[in-house]
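Single-structure report; data block below.
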Amino acid sequence: MAAITALAQRSETATALIDGVLHGNRLLLARTITQVENQTAQASDLLHALYPHSGRAHIIGVTGAPGTGKSTLVTALARCYRQAGMTVGIVAIDPTSPFTGGALLGDRVRMRALAGDAGVFMRSMATRGSLGGLSKTTGDVVTVLDAAGFDRILVETVGVGQAEVEIASTAHTTLVVEAPGLGDEVQAIKAGILEIADVLVINKADRPGVDATLRALQMMLQIEGESTRLVRHHGQLLRVESPAAAGAEEQRWQVTVMKTVAAESTGVEELRAQVERHREWLVASGEMAVREQLRIANTLENIIRAELNRRILSRMPDGRMNEMVDAIRRRETDPYRAAADLLHLL
Amino acid sequence: MSERKIRVLVAKPGLDGHDRGAKVVARSLRDAGFEVIYTGIRQTPQMIAEAALQEDVDVVGLSILSGAHMTLCPKVVELLRAQGQENVVVLVGGIVPDDDIEKLRAAGITGIFGPGTSTQEIVDFIHNQVQVAA
Ligand SMILES: Nc1nc2c(ncn2[C@@H]2O[C@H](COP(=O)(O)OP(=O)(O)OP(=O)(O)O)[C@@H](O)[C@H]2O)c(=O)[nH]1
Ligand SMILES: [Mg+2]
């Protein structure tokens, strides 16, 4: 039984991988994604070469509590896009176990209907220690799919945790999926969700309680809508010159609540139309440029932070960290002073 | 700062409807630290090969119940090889009559695990077959 060094053997040259991605070779696309996800030595060359080819796809984030039907909805949306003649890339993220490092990626189970369609490419990703509902390389994988020419890219976040902020800074259009049922409707809706929703979706509209959920969401939109918009304008968004700033009132995007039965594709074509309206609004209002700016700033910041972290830790003298931990445990110093001392060593 | 993970696709080919066994295996492989892509029941060899390609997995684990393994499993191997995934390790779990074991091996299925197999055995086998470059 010769040990097969599967991972080691597949070292296509960067040129071959890039060519493959740009010319529709699905195997090489898949392998490029692996390199990027694993942040191999080649990954930065690959991204460098592919980046100029990205920026064309519209990126749609799909977030919401576990089991609300995100994967089913992604599948139904993808089918609508295919019927409209567009190609679709899908990235679905599930959590990595913090204890074993393993992950069970199960979103494909709901995506059978997409099998055999060469206009769709679906990839599952594990969070690998990231807490924000995406993994730290999700944005890079989206870049690769974008460069590969997919017209629309759907990103399904992890159903738990703080998925909000990250998906909003990765996607152009964010769909927040709710489902009717279970207890106090208003309480069930997580704080922070309205700020990031470009479209609110009540999936499983075939279930009882859908109207109560609809009313609750619409009420929350009315109450919080105003302040939310203000934060958006006087917060980060004002940093950038935005044509929308003038006469912004009429130009504001209206967040709507839409009902779907993803399992039967009901309401999904309407949802797709709404996503496309949002895309048109982003472009016409100048908000697209604002979001791209934020998205890129966010990416850059994350890369710098990760790299600084890596450099600092790699320069830490062997064993110093453990010595400090012991010293802190003995209460000879405290974590802040110890950190300062360690950083001083560098 | 590269992080490599062994990726395993767990699929249930054939028409029989329940997948409790496959799910148990999928969960224990996750607990062993693998990234497990679970695809569910009623998968055709084409669907399995397509998922294996998009997910760029190192291992494909096929869970079988019905007697159809002699046609379905070699077909998966054949499709994987044809699409350029020569190195993907293919395993079969389930009841395989002794007579068929050699035939499956000849068809390129390197691991055949009967109903009593411990998870650890499968995990060790995978680690042995897929050497993750450090
Ligand atoms: N009744 C009804 N069930 C649905 C609908 N959409 C999805 N489901 C079911 O809801 C369950 C969960 O669907 P998924 O698509 O896996 O939900 P998800 O949000 O992706 O789940 P996680 O990824 O685990 O967070 C499945 O059993 C679906 O068949 C719907 O519109 N109506
Ligand atoms: Mg899902």
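Worth pointing out:
- Set side by side, the residues A:24, A:106, A:119 differ, and just one is closer than 26 Å to residue B:83 by Cα, surrounded by fewer than 24 Cβ atoms within 10 Å (Cβ to Cβ) and within 13 Å of ligand 1 (Cβ to nearest atom), which is A:106.
- Of all residues in region A:79-89, exactly one satisfies the criterion of being touching a helix residue (DSSP H, G or I) at 6+ places or on another chain (Cβ under 6 Å) and aliphatic (A, V, I, L, M), namely A:88.
- Residue B:43 meets all of the listed conditions (1) buried (at least 20 other Cβ atoms within 10 Å of the Cβ); (2) in contact (Cβ under 8 Å) with a residue 40 or more places away in the chain but one, namely (2).
- Number of positions in region A:88-139 that are of a type in the set (Asp, Glu), within 16 Å of ligand 2 (Cβ to nearest atom) and free of Cβ contacts under 8 Å to residues at least 60 places away in the same chain: 1
- Residue list for region A:204-221, filter: farther than 16 Å from residue A:263 by Cα and free of Cβ contacts under 8 Å to residues at least 40 places away in the same chain: A:209, A:211, A:212, A:213, A:215, A:216, A:218, A:219, A:220, A:221
- Filter result for residue A:76 (in contact with a Ser or Thr (Cβ under 6 Å, 6 or more places away or on another chain) and away from chain B (no Cβ under 14 Å)): yes
- Candidates are the residues of region A:57-103 that are within 15 Å of ligand 1 (Cβ to nearest atom) and of a type in the set (Lys, Arg); the one that is nearest to the chain's Cα centre (by Cα) is A:70.
- Helices (runs of 4 or more DSSP H) fully within region A:7-87 that include at least 3 residues being touching a strand residue (DSSP E or B) at 6+ places or on another chain (Cβ under 7 Å) and closer than 30 Å to residue A:205 by Cα: A:70-83.
- Within the option set A:258, A:288, A:324, being hydrophobic (A, V, I, L, M, F, W, C), surrounded by 15 or more Cβ atoms within 10 Å (Cβ to Cβ) and in contact with a Lys or Arg (Cβ under 9 Å, 6 or more places away or on another chain) holds for one residue only, A:288.
- Region A:91-119, residues that are assigned to a strand (DSSP E or B), at the interface with another protein chain (Cβ under 9 Å from one of its Cβ atoms) and modelled with pLDDT of 95 or more: A:103, A:104, A:105
- Among the residues of region B:57-73, the one identified as over 16 Å from residue B:93 (Cβ atoms) and surrounded by fewer than 24 Cβ atoms within 10 Å (Cβ to Cβ) is B:71.
- Some residue of region A:40-58 being on the phi > 0 side of the Ramachandran plot and away from every other protein chain (no Cβ under 14 Å): yes
- If you filter region A:191-212 down to residues that are within 10 Å of ligand 1 (Cβ to nearest atom) and of a type outside the set (A, V, I, L, M, F, W, C), you find that the one that is farthest from residue A:268 (Cα to Cα) is A:207.
- Test: residue in region A:131-152 that is modelled with pLDDT of 95 or more, touching a Gly at 6+ places or on another chain (Cβ under 6 Å), more than 13 Å from chain B (Cβ to nearest Cβ) and more than 15 Å from ligand 1 (Cβ to nearest atom): no
- The listed residues are A:67, A:85, and the only one of them that is surrounded by fewer than 22 Cβ atoms within 10 Å (Cβ to Cβ), within 11 Å of ligand 2 (Cβ to nearest atom) and in the same structural domain as residue A:213 (by TED's automatic domain parsing) turns out to be A:67.
- Applying the criterion of at least 1 residues that are within 30 Å of residue A:96 (Cα to Cα) and modelled with pLDDT of 85 or more to the strands (runs of 3 or more DSSP E) found wholly in region A:161-270 leaves A:173-178, A:199-202.
The values are calculated or read from the model by the stated rules, or taken from the named source; none is laboratory data. Since this is a predicted model, take the numbers as computed values, not measurements. Cβ coordinates were reconstructed from backbone atoms using ideal geometry, including for glycine residues, and neighbour counts include every protein chain displayed.
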